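All remarks here apply to the structure that follows.
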Amino acid sequence: MCNFGKNKYLKDIVMVSRSARYYRASKESREKKAEYDTAYHATDKRKKYRAALNRVRRRKKLKGDERDLSHTKDGKLVLENRSKNRARQGSNNKSTKK
């Protein structure tokens with residue numbers, strides 16, 4: 001995947017997912033995906049979901065806090081270190097909840 005001899009900087013040596021490589025390589029597909037994502041996140045359902053999460057963050061007074069709100073199996077939101085929350089992966093790279 002990466003040719004370490006040709007890369008001058010460590011930031012250039014990044015392992016990316018197959019889908020990320022696909023969208024980087026295909027401009028037409030990347031534009032189509034961006035258009036879909038824009039429409040999806042503009043729906044009322046997604047706006048209400050984001051608003052609800054933001055409301056929880058405000059109530060917990062987390063502005064400037066380095067921690068994430070992690071979704072648990074029973075549907076609750078708990079504070080968790082960002083790196084642990086975002087790195088949690090189950091078998092076959094399916095995310096698992098705390």
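Give the residues of the range 36-71 that are under 17 Å from the mean Cα position of the chain (by Cα), hydroxyl-bearing (Ser, Thr, Tyr) and surrounded by 10 or more Cβ atoms within 10 Å (Cβ to Cβ), sorted by residue number.
Of everything in the range 36-71, those that are under 17 Å from the mean Cα position of the chain (by Cα), hydroxyl-bearing (Ser, Thr, Tyr) and surrounded by 10 or more Cβ atoms within 10 Å (Cβ to Cβ) turn out to be TYR36, TYR40, TYR49, SER70.
Out of (1) within 19 Å of the chain's Cα centre (by Cα); (2) at pLDDT 90 or above, what's the single condition that is false for LEU79?
(2)
The values are calculated or read from the model by the stated rules, or taken from the named source; none is laboratory data. Since the structure is predicted, the reported quantities are computational estimates derived from the model, not experimental observations. Ideal geometry is used to build each Cβ from the backbone, glycine not excepted, and the neighbour counts take in all protein chains shown.
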